[in-house]
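A short write-up of the structure that comes next.
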Amino acid sequence: MSEDYRSMWETLGLDLVAHDALLQVLGKGYQDIYLAQKDRPEGMGYFDFVMSEVHGLRIKELLDEKAAGRKVIGSFCVFVPEEIVRAADATLVGLCTGADFATEEVEKLLPRNTCSLIKSAFGFKLGKVCPYIESADMIVGENTCDGKKKSYEVLKDMVPNLYVMDLPQMKSVEGRALVKAEYLRFKEAIEKLTGVTIDAARLKKGIEIVNNKRKAIHRLSGLRKADPAPISGLDALLANQVFFYDDPVRFTDSVNKICDELEKRIEKSEGVFPKGTPRILLSGCPMAVPNWKVPWIIETSGAVIVGEESCVGERGTRNLTGDTGSTVEELMEGIVDRYFQVDCAIFTPNPDRLGHVEEMFRGYKADGVIHYGLQFCQPYITESMPVEKALEGENIPTLRIETDYSMEDMGQLKTRIEAFIEQIK
Ligand code: BJ8
């Protein structure tokens, strides 16, 4: 951290000793995984800075916004519509869910066979090491998988400001009506929290800001189609992760700057790995900061990741929100339409997702798919089996892995991933 933020963390109620230990592990991990990469685009310096200040300067900015009367909303899922939050001059941030913390304490509240992502959210809260959750004026939980929705029943007694959003299980007419009703209820809750009445002009502006952020990521993704790949999968994943934390306008500018640089690299046929390096499409559960284990193994085993079919990736950013409406009602319809296309495995049936994996495999000229499932994640692990079968039926090499946030299976994963890369070479 470039400044001393200790009094800020203390005011937020963080456990400074535990937080110091966390930052130390994070810093070391970042050094070994990110800074050790070769030929990174210069523009990644911005993301290195963001990461070095993710619990420092960014939190200070959020607290400054709060002091100026604006609100901070924390979320665990890409179904929480950022457009509505921005329309009320509030800020949406993703909450920490990418590393194990205080696991023993967590397992006193949640079953051991809960996925790492949910356990991580609880661990960061119980261990008092997440400045985002402590800064949030509202924490939004969503009824998606069983693990999440039941865990919110526990979380509600641990935080003063949990708001639970209901979501459907089916992409039916009734399902869409539920999303619409819930987004209208959320809009009202945000208006009440912020004291801002969301009119059409505000909503349009909110849509524009968030769409621009998505367009920048689309541009970055498009450049990853090149061979040699101009950016590593690890760095592209980092941009997709920072999407959830950074100021949206600054983020959009920074991603576009990297894209300018990557376009020049492509013109000169320069890449981060040699031309012809096996290309992997990652598909499955979201990877929140600092969950870099599997991408790190892949990219140190002779392959490059060219796309992420994930909520921290294309599933989360693929679609833009319609902005042609002129009334709040019309714009809200556009928002509902946009989010109702997200093909999370909590939906049944969920045929669109397979179509998107196939589309991305071809579009990014991948050589194989690695399906990443978090242990105990019923929706994605169950869906991985028919996905694998369908892909193999089309002669698309597929490797299905199941893991958690621990480092215990590193050796075993590396062996399997290396063998898979050998096979697709
Ligand atoms: S829209 S993927 S962000 S719910 S890994 S907690 S599914 S048991 S994160 Fe998700 Fe929203 Fe869907 Fe995306 Fe449950 Fe699975 Fe754990 Fe998961």
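The values are calculated or read from the model by the stated rules, or taken from the named source; none is laboratory data. Quantities reported herein were computed from a predicted structural model and do not represent experimental measurements. We place every Cβ from the backbone using ideal geometry, glycine too, and count neighbours over all the protein chains shown.
For this structure, a couple of remarks:
- Residue pairs meeting the criteria (Cβ under 6 Å; at least 6 apart or on separate chains; first basic (Lys, Arg), in the range 366-384; second near the ligand (Cβ under 10 Å from one of its atoms)): none
- Scanning the range 213-268 for residues that are assigned to a loop (DSSP other than H, G, I, E, B), more than 20 Å from Glu53 (Cβ to Cβ) and among the hydroxyl-bearing types (Ser, Thr, Tyr) yields one hit, Ser232.
- Take the conditions (1) aromatic (Phe, Trp, Tyr); (2) within 18 Å of the chain's Cα centre (by Cα); (3) away from the ligand (no atom under 16 Å from the Cβ); Phe49 misses just one of them, which is (2).
- When the range 368-408 is filtered for residues that are part of a loop (DSSP other than H, G, I, E, B), acidic (Asp, Glu) and more than 23 Å from the chain's Cα centre (by Cα), the ones remaining, listed by number, are Glu394, Glu408.
- Of residues in the range 101-111 being assigned to a loop (DSSP other than H, G, I, E, B) and within 14 Å of the ligand (Cβ to nearest atom), the one surrounded by the most Cβ atoms within 10 Å (Cβ to Cβ): Leu110
- In the range 135-155, the residues that are within 22 Å of Ile59 (Cβ to Cβ) reach residues that are near the ligand (Cβ under 10 Å from one of its atoms) and in a strand (DSSP E or B) with C-beta atoms within less than 6 angstrom, at least six apart or across chains, in these pairs: Val140/Ser75.
- Scanning the range 285-304 for residues that are away from the ligand (no atom under 16 Å from the Cβ) and among the polar types (S, T, N, Q) gives Thr300, Ser301.
- Residue match in the range 23-44 (condition: at pLDDT 95 or above, under 26 Å from Ala216 (Cα atoms), surrounded by fewer than 21 Cβ atoms within 10 Å (Cβ to Cβ) and aromatic (Phe, Trp, Tyr)): yes
- Breaking point among (1) within 22 Å of Ile190 (Cβ to Cβ); (2) in contact with a helix residue (DSSP H, G or I) (Cβ under 7 Å, 6 or more places away or on another chain); (3) crowded, with 19+ Cβ neighbours inside 10 Å, for Val140: (2)
- From the list Gly98, Gly74, Gly123, the lone residue that is in contact with a Pro (Cβ under 7 Å, 6 or more places away or on another chain) and within 16 Å of the ligand (Cβ to nearest atom) is Gly98.
- Selection from the range 62-80 of residues that are in a helix (DSSP H, G or I), in contact with a strand residue (DSSP E or B) (Cβ under 9 Å, 6 or more places away or on another chain) and among the charged types (D, E, K, R): Glu65, Lys66
- Taken together, Glu383, Glu408 contain a single residue that is surrounded by 17 or more Cβ atoms within 10 Å (Cβ to Cβ) and either within 16 Å of the ligand (Cβ to nearest atom) or farther than 30 Å from Ile84 by Cα (or both), which is Glu383.
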